[in-house]
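Undergrad: For reference, the structure I am asking about is given below.
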Amino acid sequence: MARTRRTRGLALAAALLLVLSACTGGFGNLRLRIAAGNPGGVYNGLAQTLATAWQADLEIERPQVLQTQGSPDNVNKVLAGEADVAFVAADVAEDRYKADRELTALARIHDDYLHVVVRTESDIRSVEQLRGHRIAIGSPASGVEYIADKLLDAAGLTGSASRIHLGLDDAITALLRGEVDAFFWSGGLPTPRIVNHQNELRLVDIADVMPKMRALSEVYGTGTIPASTYHQFAPVTTLVVPNFLVVRNSMNADVAEALVRGLFDARHQLAQANPAALSIDVHPGIETQPLPLHPGALRYFRAVKTYLPT
């Protein structure tokens, strides 16, 4: 009888150890690289916070946050095996998925708002009035360039405006110096670098070209940047595009599930890093169409009883 009790006790201890080991969720020597855009952008700020959260949740070395040009560069790095996770705008992800079905999503995160920015005293009030002007359209291979080119072409300004490649910081400096007349930026609300110069800058309403933009892709939506976001005189209508966290479909399902869980568990910290993250939630998080969810991500959403939209 004593031997039986001892055996049962050992079995119970072993089972408890197994449960505790499973709860810790440690992934040992897992190394992660996050493709996250340029310093000062929303992607980078959220990636830094997420890297710290994943380090604690997965019990791994802190993931490396890679400085990149933006969404097209990010998705290229994931597909080339140079990054494991990437922040990618949905329009870029949609187009790349058509060419490479290895791309898959962990979750939809925050939305980006297109900013068309001029100096406060500028006479430019519409996209049409950009004709003949010098426009900074983002860094080469960036998500800003990607969407700026589409919008200018949709507005009939192909060849009618000078397109200059400048990242956000350089674009702001060039605009304030009068070296360009406008710049494009696509990011969450608010974008800190723009906040820092909000009294010298003004946003342009683009409602007139939104029907053409929405016809280009199902992921494009129409939204409003409130006047209070950048202390403007009035709100502006603009283009909204979701962002996804993407990985290759070859990622281990347990790892993918843990990354998604860590993302949603870190919502409070992410919102402290940037208010754009306030929109991160499991219910819109599952809406990554036209990209499929990674099987590990889908397993997480099903576990928390979130189902694919009909």
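Undergrad: log10 I(q)/I(0), Debye, Cα-only segment 160-243, no solvent, q = 0.18 Å⁻¹?
TA: Log-scaled intensity ratios, in q order: -0.89.
Undergrad: While we're looking at this one, here's another question. With every protein chain left in place, what is the accessible area of Glu200 in Å² (1.4 Å probe, nearest 10)?
TA: Glu200 exposes around 90 Å² with every protein chain in place.
Undergrad: Right, next: Over the alpha-carbon set of segment 70-127, divide Rg by the Kirkwood Rh and report the Rg/Rh ratio to two decimals.
TA: 1.16
Undergrad: Straight distance only, please: which lysines reach the Cα of Lys77 with their own Cα at less than 30 Å, same-chain residues fewer than 8 apart left out?
TA: Lys98, Lys150
Undergrad: Quick one: what do you get for the chain if you divide its Cα Rg by 2.2 N^0.38 Å?
TA: Relative to the 2.2 N^0.38 Å estimate, the chain comes out at 1.15.
Undergrad: Mind putting together the pair-distance distribution for segment 181-226? All Cα pairs, 10 Å bins, whole percent per bin, short to long.
TA: Per 10 Å bin, starting at 0, the Cα pair percentages come out as 20, 51, 25, 4.
Undergrad: Just need log10 I(q)/I(0) for segment 73-206 at q = 0.13, 0.20 Å⁻¹, Debye formula, equal scatterers on the alpha-carbon atoms, no solvent, rounded to two decimals.
TA: -0.58, -1.16
Undergrad: Take the alpha-carbon positions of segment 136-180, form their convex hull, and give its projected area averaged over all directions (one quarter of the hull surface) in nm².
TA: 3.0
Undergrad: So what is the relative contact order for segment 149-304, in percent, with contacts set as C-alpha pairs under 8 Å and at least six apart?
TA: Value for segment 149-304: 18 percent.
Undergrad: Per the helix-only calculation at 222 nm, which mean residue ellipticity applies to the chain, given -39500 (n - 2.57) for every DSSP H run of n ≥ 4 and division by its residues, nearest 500 deg cm²/dmol?
TA: After summing the helix terms and dividing by residue count, I get -12000 deg cm²/dmol.
The values are calculated or read from the model by the stated rules, or taken from the named source; none is laboratory data. No experiment lies behind these values; they were computed from the predicted model shown. Just so you know, the surface numbers come from the protein's heavy atoms only, side chains and all, with ligands and any DNA or RNA stripped out. Shrake-Rupley method; radii C 1.70, N 1.55, O 1.52, S 1.80 Å.
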